[in-house]
1. To the nearest whole percent, what portion of all C-alpha pairs in the range 90-134 is separated by more than 17 angstrom?
2. Extent of the chain along each principal axis, from alpha carbon coordinates, in Å, largest to smallest?
3. R0 = 41 Å: FRET efficiency of residue 128 with residue 55, Cβ-based, nearest 0.05?
4. Does a label point 7 Å from the Cα of residue 95, set along Cα-to-beta-carbon, have any residues of the range 107-137 with amide nitrogen under 15 Å, and which are they?
5. Give the order of 77, 85 when sorted by the count of other beta carbons within 10 angstrom, beginning with the fewest.
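Just so it is clear, none of the values below were taken in a lab; they were calculated from the coordinates. What you are looking at is a predicted structure, and each value in this text was computed from that prediction instead of being measured. In this analysis, Cβ positions are derived from the backbone assuming ideal geometry, glycine residues included, and neighbour counts consider all displayed protein chains.
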């Protein structure tokens, strides 16, 4: 089975360096942050809200403790805690077998990193694991 990947992401699994991140799109309280929610801000020009995030050791993700607005400044966290896919996100799974290419709309049931796997639910209710590299959106 051959697969195509169109999902671009950083695989830097490093510890957080000193500095800050800026929220680039709103995140509701209780939701996990994903890589597209924040941008590296370099050194902190103004104080970062160190209480805005909580780290869940069971999932390895950072969650918003409160609603985060565009422009909020947060302490920088490691990229390992910022997956590319958010639970509940609608995705397209692409599979190619020989000359046949199949695309199927699925919904992520958990957060996912490019190098990992996650469970998804298809429109017909089937739940199954997929490699994130097989996701095109």
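1. Tail of the P(r) past 17 Å holds 28 percent of the pairs.
2. Here the spans come out as 54, 26, 26 Å, largest first.
3. 0.90
4. 107, 118-136, by backbone N distance to the label point.
5. Numbers: 77 17, 85 25.
Ascending Cβ contact count within 10 Å gives the list 77, 85.
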